[in-house]
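> This is the structure I want to talk about, given as C-alpha cells.
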Amino acid sequence: ETYPTEYHGYAYDSLSGPTFSSSGVVYGDHAVQIGDWRLRQIDYNHLSVSSANGRVSRIFRSDGKILPSNDDYNGYKDPLGEPTCSFLSSKFLQIGDWRIGASLNGSTNYISVAHSVGISVVVYQHQGNISMKSDPGLCTWKVADYDYVQGSNQSGCRSVRLMNTSDGGMMCLHVADDGGTKFIFCDTEDVSQRFFVRAQYYGGFILQPAAPSSVDKCLSTDDNLSVVTCDWSNLPKWTVNGDGRILPVSAQNKCLTHDPSNGNNAIVSACVKNDYVSHISIIPFRSYSQSGTLFPFSEPGLSSIYPNSGVQLYGNGSYGVFKIAGFDTPLTDGTTLEFRFQVDGGTSSGTYEICIIISGVVVPYCLSLIDPQYGFVKDTESTYELKLSQALQRNINFKLLDFENKSQVVTSILYKQTGFATSRSRAHSISLYNPGSAEVIERKVDEFTVLLSFPADINSEGVYFKSRVFIQDEEGNYSTSVPAAETFEPMQSERHYTTKKLFPGRRFRVELEPTDQVGNQFNDARKELKAIFEEYTSCSIESENEYTGKPLNFEVLQSVGDDEGLMSFSYKHNSICSSAYSLTRQLIDEASNINHPIITFTPTYLHSAEDDGDNEIRLLGIDFKDRVSTLEVGRKYNYCVFAVDNKYMVNSTRYDGRLARRSEKN
C-alpha cells in the first residue's frame, strides 16, 4: 500500500532533512512533541510514546524490557515545559537518558532506542525486522556527542561540576588529556571541568567525564583519582553521606578530596571532619551571575546527590550567591526548611543569610545564619563563627511566620553571603517540605514502630521509603548515621513503619524519603509523602508501657531476731541499659509536707548482686542493708531502687540531648 507523501518521515526536498509535521517539532522538558505525539522520559528508567488523547502506545525500560500500555506513563500528564535535555544531533535524538539514532558501527541499516546505561532496548532494521536483543555495537551511547542541530543542547542532562572553595577562589575538578585529575579555577567554557552523573539501580552513582567524552570512561574511586575505562561488572560507584560529602561506596571512611598542598591534586583519602578540602559539592552545570543564577532544586537523576552535597559560596561576587528555584511548596504552619551550614573558620567575617522567596511577596524572607538564637558559636566579641568541625543541623519551622494568606507558596531559596572577598561558606542537605506526622505505636529495646499520617488525597501506590537514621549525641545533634538501621522497602498499606537494629535507650532521627521501586524521586504529589521524626528506644526488658527500665517487684524484708533490725531488699532486674543499682531512703512527713533529704545508705552504687533465678536479685553483705535502729520510731519512710548507668540513658521528656543517668524509681 502506498501512503501520501505528507505521512512520510522525510522532508519533501531532501533525503537527510528533518522530519515533517504540520505543527512542527517542539522540544520540552525531557520530551519531544511531534504533532499530537509526545516522546517523554517519565523518570530515569522509563521512556514512553503517548498520544494527545491520553493513551500510551509504548513504554521502554532501561533494563531492556518493553512494557505493556499503562496510562500512568502518559507523557501528556504534565505540561511540555521548557527545553531541557531534549535535542537533536547529527546522528541521534536525545531525550534525557535515552537516545534514538542510527547505528554507530558503520552500518546505516539500523536504528536503536538505547538507554545511557549502555543497553539498546530495541533495534529496528531497514528490511522491517525488529530485534529486542541488546547489541553494544548498535548503542548510540558508546561514542562522543555529535554536532548539535536543534533543541536544548544537553541543558539539564545531569551535567555537573565538582566544586570546592580555596584560598584563591572557586575551583572545579578538571580532567587532563592523560586522564589525570586536579582542581583548577572554574571556567564554564572549559569542557574538561564537566561530568555526567549516571545513576545505577542499586548503591550509588558513577561519574563520567565530558572530555574525553565516552560512555566507556569513568572517574575511578582509587586513592589516586583518575579517569579509567569503566568495568561494567564492578563500577566505581560514589555516594553522598549525611554530612554532604562524596564517598566511594566501597570505602565509606574515605572522601573525594581536594589537596591544595600538593598542586591542587584530586585524591581519595580519609575524611577529615574539620577540613574544607574534603567537602566537595556536585553542582548542575550552569554559569554563575552576581544576581543569582537559577539552579533547579530537583534535577532528574540527581536526587540524593544535589543539593545534598552542598552549595559553596566564595567572596562577594558571582560565587557569593546561589538561588535554588523550582519549588512549589504551600506555606503552612508546618512548612520546614532544613539545612546544615558551615563557615570557614579563618574567613568568617561578614553576613550569611538563607532566604525564602514567596509567591506574591516582593521582599524575600531572610534568616541570618549567625544569630546566636540558632545556636551558632560566638568566636570573638565581633565575629560569629561556625567552624566546619562544629557543623550543626538547623531545623527552621515557618509556623512562626505571620502570613495573612496561607495559600501562598514558596517558589525559591536564596543563599547568600557578604563581607570580605575571601569569605567562604557552605550549606548542604537543603530540604523544604511539609512533613507527615509520626506517632509511635510500639517501642522496644532495639526498634520502634510509628504510624505515619499524610494527606488522604495523595495516592501512595508504588511508594518505597529510603530511610536515613541518625543517633543523637550528648549535645543534641544528629550527626552520626546508623547504616545498619537504614532500609529501602515499600510503604505498608496500614502506613506503619518500623526502624530496627537500634541501640537501647537512645534517641534517633529517622528520615523517610519517598521514591519509586528503583529509588527515583517522584515528580508528582507523592513527593510530599516525606516524614522526619525523632523517637527513642526502650531500656525496659519486660515492661510494655514503661521504658526507663525501672526494677520490678521491689520488696523490703526485715530480719527477725536481729538486734539492730537489719532490713534487706529484693527486686527484679529490668533494665538493659543499666550497669548498677542505687538504693535510697527518704523520711515522709505527711503532716508538715516537708521535703526531707534523700539518703543513699549504701556506700557505693551496687555493682555486685546475687542472681536468685529469673532475674530475681537479692542484695548481699551488711553494707547493702539498712538498720532499723537508725530510724525514728513511728515515722514513715520511702525506700527506692533505681537502675543507673555510669554513662547515660535517654531522657524521654526532653529532645535537646540532655540525658538521664537512672531509671524511674520503684
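The values are calculated or read from the model by the stated rules, or taken from the named source; none is laboratory data. This one's a predicted model, so the numbers in the text were calculated from it and none came from an experiment. Here the Cβ positions follow ideal geometry from the backbone for every residue, glycine too, while neighbour counts run over all protein chains shown. All accessible areas refer to the heavy atoms of the entire protein, side chains included, with ligands and DNA or RNA removed. Shrake-Rupley method; radii C 1.70, N 1.55, O 1.52, S 1.80 Å.
> Which residue is modelled with the lowest pLDDT, if the candidates are limited to the stretch 188-203 and must be open to solvent by 30 Å² or more (accessible area, probe 1.4 Å) and either assigned to a loop (DSSP other than H, G, I, E, B) or not hydrophobic (A, V, I, L, M, F, W, C) (or both)?
201
> Just checking, does the stretch 98-109 include any residue being modelled with pLDDT under 85, within 28 Å of the chain's Cα centre (by Cα) and surrounded by 23 or more Cβ atoms within 10 Å (Cβ to Cβ)? Explain how you work it out, then say what you get.
At the first step, the residues of the stretch 98-109 found to be modelled with pLDDT under 85 are 102-109.
Those still in the list that are within 28 Å of the chain's Cα centre (by Cα) too: none.
Checked against the condition, which is being modelled with pLDDT under 85, within 28 Å of the chain's Cα centre (by Cα) and surrounded by 23 or more Cβ atoms within 10 Å (Cβ to Cβ), the stretch 98-109 yields no hits at all.
> Go through the stretch 437-456 and count every residue that is without any contact (Cβ under 8 Å) to a residue 40 or more places away in the chain and in a loop (DSSP other than H, G, I, E, B).
Number satisfying all stated conditions: 1.
> How about the stretch 245-269: which of its residues are open to solvent by 50 Å² or more (accessible area, probe 1.4 Å) and closer than 15 Å to residue 205 by Cα?
Of everything in the stretch 245-269, those that are open to solvent by 50 Å² or more (accessible area, probe 1.4 Å) and closer than 15 Å to residue 205 by Cα turn out to be 249, 250, 252.
> What number of residues in the stretch 459-477 are crowded, with 17+ Cβ neighbours inside 10 Å and either basic (Lys, Arg) or modelled with pLDDT under 80 (or both)?
Here the count works out to 3.
> Give the residues of the stretch 479-531 that are at pLDDT below 80 and open to solvent by less than 30 Å² (accessible area, probe 1.4 Å), sorted by residue number.
Selection gives 519, 520, 522.
> Also, quick follow-up: Scanning the stretch 15-61 for residues that are over 16 Å from residue 92 (Cβ atoms), part of a loop (DSSP other than H, G, I, E, B) and open to solvent by 40 Å² or more (accessible area, probe 1.4 Å), which turns out modelled with the lowest pLDDT?
Once the filter is applied, the top-ranked residue is 15.
> Within the set of pairs 6 or more residues apart or between chains, which connect a residue that is open to solvent by less than 30 Å² (accessible area, probe 1.4 Å) inside the stretch 278-305 to a residue that is modelled with pLDDT of 75 or more and polar (S, T, N, Q) with Cβ atoms less than 6 Å apart?
Between residues of the stretch 278-305 that are open to solvent by less than 30 Å² (accessible area, probe 1.4 Å) and residues that are modelled with pLDDT of 75 or more and polar (S, T, N, Q), the close pairs are 278/257; 280/164; 281/309; 281/312; 282/309.
> Please go through the stretch 424-466 and give me each residue that is within 17 Å of residue 336 (Cα to Cα) and of a type outside the set (Ser, Thr, Tyr), ordered by number.
Matches in the stretch 424-466: 427, 428, 430, 432, 434, 435, 436, 438, 454, 455.
> I'd like to check something: does the stretch 614-630 contain any residue that is among the aromatic types (Phe, Trp, Tyr), at pLDDT below 80 and not in a loop (DSSP other than H, G, I, E, B)?
Yes.
> Against the conditions (1) in contact with a Ser or Thr (Cβ under 7 Å, 6 or more places away or on another chain); (2) in contact (Cβ under 8 Å) with a residue 60 or more places away in the chain, where does residue 535 fall short? Just the number, please.
(1)
> For residue 417, work out the one condition from (1) surrounded by fewer than 14 Cβ atoms within 10 Å (Cβ to Cβ); (2) at pLDDT 50 or above; (3) touching a Ser or Thr at 6+ places or on another chain (Cβ under 7 Å) it doesn't fulfil.
Failing condition for residue 417: (1).
> If residue 161 meets every condition in (1) under 27 Å from the mean Cα position of the chain (by Cα); (2) open to solvent by 30 Å² or more (accessible area, probe 1.4 Å); (3) basic (Lys, Arg) apart from one, which number is that one?
Going through (1) under 27 Å from the mean Cα position of the chain (by Cα); (2) open to solvent by 30 Å² or more (accessible area, probe 1.4 Å); (3) basic (Lys, Arg) one by one, residue 161 breaks only (2).
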